[in-house]
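Take a look at the structure set out below.
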Amino acid sequence: MLPELGQLALILALLLASLQALLPLFGAQRGIEAWMRIARPAAYGQLLFVAVAFGILMHAFVVHDFSVAYVARNSNSLLPIGYCIAAVWGAHEGSLLLWILILALWTGAVARFSRSLPLPVIARVLGTMGLVSVGFLLFTLLTSNPFARLLPMPSEGADLNPLLQDPGLIMHPPILYSGYVGTTVAFAFAIAALLDGKVDARWVRWSRPWTNVAWALLTIGIALGSWWAYYELGWGGWWFWDPVENASFMPWLACTALLHSQAVTEKRGSFRGWTLLLAIAAFSLSLLGTFLVRSGVITSVHSFAADPARGLFILVFLGIVIGGSLLLYAWRAPRDNDGAPFAFASRETLILANNLLLTTACAMVLIGTLFPLFADAMHLGRYSVGPPYFGSMFYLLMAPLVLLLPFGPLTRWQREQASLPIKLLLPWLVVSLIGGAVAFVAMPNAPWKYAAGVAIGLWLVLGTLRFVRRRLAMDGQRFTAEMLGMTFAHIGIAVFFFSVLLTEATSVQKDVAVARGQQVAAGDYMFRFDGVQRATGPNYLSDRGTVSVFRGDNKIATLHPEKRQYAAGGQIMTETAIDPQINRDLYVALGEPIDARGGWALRVYVKPWVRCIWLGALLMALGGFTTAFDRRFRRKNETV
Amino acid sequence: MLRRLLPLIVFLALGALLFAGIQLSRHENPQALPSPLIGKPAPAFALPNLLASNKLRNADLAGAPYVLNVWGSWCVNCQEEHAVVSAFAARGIVKVVGYNLKDDPADAKRWLAQFGNPYALIMADNDGRAAIDWGIYGAPETYFVDAHGIVRWKFIGPLTDDIIDRQLLPLLPAKQATP
């Protein structure tokens, strides 16, 4: 009975979303106040019914109601309770429902926290979000109903994909989706501005905090995904340029460009059309990501079951939403694209460079991701585009970005004497280069990336701190939350580049066949293989290895890598064992048994600084959150 | 105006591409990676014989069709496939040659001792360099080369009886297909 109620709740949510979309949008065009006022209550109502549907699906998982096909396919009575809850979004139908719930939450938050906005603006913003929600609800109800029954009811479920039975997966999709869906808010504000015809600094100021929060969540989501792939897949890598990863990285790049361009538009009025376009692009890329992951158009290690019918639906939906908004842009975008004029040496120019580099990077990722498809459609054969393309392209594009980054905050809007920021930063550039040279001399055998990592890390940190010092030295000038956020984020970039380059330069990897008691040297560490025992988990059997790690004569860690065989389905999963520290990870994964006498294949990694890659991402996210709380965004009755 | 329509045009081109992608994924098995070698002579090779001290060359295999099965002791799917390959080789329809990929000869011999050796001959490609000429992605993979030394068929992944019956057997010369 309950699952039918869940479906009913979804249908009611669809009706409310339609109401939330149509009446306020028409009302705003015609100036009918009563229709515009529908937006808020409809948004809350939609949230309520979506939450009810989601709760019912979760309940079906918790009580193991295998008469629901989705529950039977993705859980099992032996599955621990935490994973039962995570299993709700473990496959296509449920993760779509999660997407809708998060969209409803964002909509509710916009409705709640934008009381000070003029009524037509809020009506248009909520209306646009309602339209998106209608599309996703229709998609769920027509092609991927999570409440479909399975008759006769099976006595046991098929279990959740073991790859997904992991704490990282409980958190990864909700946070990543929050970031994806958050781009809807900036998009909705952009559409509202286009519909309104007044494309000015106000809409940007209203949408900036939302963009920052969405960007921060997207950053955390991507970092969690990378961390999960690192310890769960057992390959020791943290980023694979897999189509699904690219699908989340493209909106991130677009959103990063958007953050910067929004700052220019808000403060100087320049780049108005460009900011609108980036807001549309960030959202479109989020949708495109959903499409790529779900349609089966591009095969990937972590994509959900492919279904062309679903793909076609999303494509049509994409066509309406993105095509429609780009048409609106072509028709209504501001014709005079100039705000306050700016000289060549100015912060505007630097942000323009930032935007060009980031959007080029985004386009390159898009091309690399879609090229195999293009080649296939043109009958050029089957290709796969891998790390060599993406890696070299990124070094090329990120190098100028890294060089220019510290100049941005130190350069004034509109016009700056080019010599001033150069004079402020030159000593620190020299210090960073000396640091890199010292690193090069100290580690003569390490590749150039080691020295580059040290130099870049120093340059970004020192350059950013130089801005902080200069700003604090100015009398009577506040150090705003926005500046603090920017500082956090830029230092996060420094930490990120530093650790990426050092990890790549100095990681040690050993693939060895070991017998019991045998030792493997990797870097400064000695790994001793102490054999494998049988162990039993709640829904799996496992071969649990023991590896002792020594540095000199001291035993510093005992690691237990596992090979698990899950009871339902019989899939074999590798569970890595990691001894983490801020400046290095010791990482062990079991391969295959080699002979009957207890010999195993073992993968041993020493990965310096790998943990700081995610720390850098967290710092960036912290910057995004901090900026969102700037006092300026909370001012009421803006004067323009 | 054109400048403002540009994003829309780019998007429409992208949409057309994605639509083509959906059409393709409807008709094809996305896992099928065709080999450029099909219909062409097998690449020249000179690889050590795993179980003897001589080298194996194209000439040693010329004149009769053979099935080339790529395996390694490190590969789980090869163990899974082993029973199928053994049963097929035992039928004696065609010579089954092993291609030991990126393996330690000692490990490979231990593997054969443990599971049994279905192969008439085994060439050992320890560093995987010759595998590039064949276009081998990994193990297991299986090729069929006819009596003229032309590659006729390639399959990626573990063999099953079904695949042998439906794909491989029809390619074999009729007189040899009847036991």
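Flag not set for A:ALA617, criterion: within 14 Å of chain B (Cβ to nearest Cβ), within 28 Å of the chain's Cα centre (by Cα) and not polar (S, T, N, Q).
Contact map, the stretch A:427-452: residues that are touching a residue at least 40 places away in the same chain (Cβ under 8 Å) paired with residues that are in a loop (DSSP other than H, G, I, E, B), Cβ distance under 9 Å, separation 6+ or inter-chain. Pairs shown: A:TYR450/A:MET443.
Taken together, A:GLY591, A:GLY598 contain a single residue that is within 14 Å of chain B (Cβ to nearest Cβ), touching a strand residue (DSSP E or B) at 6+ places or on another chain (Cβ under 8 Å) and assigned to a loop (DSSP other than H, G, I, E, B), which is A:GLY598. Suppose the filter is touching a residue at least 60 places away in the same chain (Cβ under 8 Å), more than 14 Å from chain A (Cβ to nearest Cβ) and either among the aliphatic types (A, V, I, L, M) or in contact with a strand residue (DSSP E or B) (Cβ under 7 Å, 6 or more places away or on another chain) (or both); does B:VAL84 pass it? Yes; evaluated as a whole, the condition is true for this residue.
If you go through the stretch A:533-542 and keep only what is surrounded by 19 or more Cβ atoms within 10 Å (Cβ to Cβ) and part of a strand (DSSP E or B), you end up with A:TYR540, A:SER542.
Figure legend. Inter-residue proximity from the stretch A:263-284: first residues under 16 Å from A:TRP413 (Cβ atoms), second residues assigned to a helix (DSSP H, G or I) and of a type in the set (Asp, Glu), beta-carbon distance below 8 Å, spacing 6+ or different chains. Indicated pairs: A:VAL264/A:GLU348; A:ARG268/A:GLU348; A:SER270/A:GLU348; A:PHE271/A:GLU348. Checked against (1) under 29 Å from A:ILE222 (Cβ atoms); (2) among the hydroxyl-bearing types (Ser, Thr, Tyr); (3) at pLDDT below 90, A:TYR605 passes all but condition (3). Pairing residues of the stretch A:124-141 that are of a type outside the set (Lys, Arg) with residues that are not in a helix (DSSP H, G or I), at Cβ distances under 8 Å and at least 6 apart in sequence or on separate chains, gives A:VAL125/A:SER114; A:VAL125/A:LEU117; A:THR140/A:PRO146. Residue check: is A:THR487 β-branched (Val, Ile, Thr) and either closer than 30 Å to A:GLY157 by Cα or assigned by TED's automatic domain parsing to the domain that holds A:ALA263 (or both)? No, not satisfied.
Condition first: buried (at least 17 other Cβ atoms within 10 Å of the Cβ) and farther than 16 Å from A:TYR587 by Cα. Can you find one or more residues in the stretch A:518-532 that meet it? The answer is yes, given that some residue of the stretch A:518-532 is buried (at least 17 other Cβ atoms within 10 Å of the Cβ) and farther than 16 Å from A:TYR587 by Cα.
Among residues that are within 11 Å of chain B (Cβ to nearest Cβ) and at pLDDT 80 or above, A:ALA363 is included.
Scanning the stretch B:52-63 for residues that are out of contact with any Asp or Glu (no Cβ under 9 Å at 6 or more places or on another chain) and either assigned to a loop (DSSP other than H, G, I, E, B) or farther than 22 Å from B:VAL151 by Cβ (or both) returns B:ALA52, B:SER53, B:ALA62, B:GLY63.
Cβ separations smaller than 9 Å between residues 6+ apart or across chains give no pair from the stretch A:497-515 residues that are within 14 Å of another protein chain (Cβ to nearest Cβ) and assigned to a helix (DSSP H, G or I) to residues that are among the acidic types (Asp, Glu) and surrounded by fewer than 16 Cβ atoms within 10 Å (Cβ to Cβ). Among the residues of the stretch A:543-562, is any over 30 Å from A:LEU78 (Cβ atoms), buried (at least 18 other Cβ atoms within 10 Å of the Cβ), aromatic (Phe, Trp, Tyr) and not assigned by TED's automatic domain parsing to the domain that holds A:VAL461? The answer is no; no qualifying residue exists.
Here the condition is being within 28 Å of the chain's Cα centre (by Cα), touching a residue at least 24 places away in the same chain (Cβ under 8 Å) and in a helix (DSSP H, G or I); of A:VAL121, A:VAL88, it holds for A:VAL88 alone. Among residues of the stretch A:312-355 being within 10 Å of another protein chain (Cβ to nearest Cβ) and of a type in the set (Ser, Thr, Tyr), the one that is farthest from A:PHE139 (Cα to Cα) is A:TYR329. If I filter the stretch A:523-532 down to residues being more than 19 Å from B:ASP104 (Cβ to Cβ) and assigned to a strand (DSSP E or B), which single residue comes out as nearest to the other protein chains (Cβ to nearest Cβ)? It comes out as A:VAL532. Going by the conditions given, is B:ARG4 within 14 Å of chain A (Cβ to nearest Cβ), under 25 Å from B:LYS154 (Cβ atoms) and modelled with pLDDT under 85? Judged against the criteria, B:ARG4 is not a match. No other residue among B:GLY128, B:GLY138 is of a type in the set (Gly, Ala, Ser), under 21 Å from A:ALA601 (Cβ atoms) and in contact with a Lys or Arg (Cβ under 6 Å, 6 or more places away or on another chain) apart from B:GLY128.
The values are calculated or read from the model by the stated rules, or taken from the named source; none is laboratory data. Just so you know, these numbers come straight off a predicted model, no measurement behind them. Using ideal geometry, Cβ is built from the backbone for each residue, glycine included, and neighbour counts are taken over all protein chains shown.
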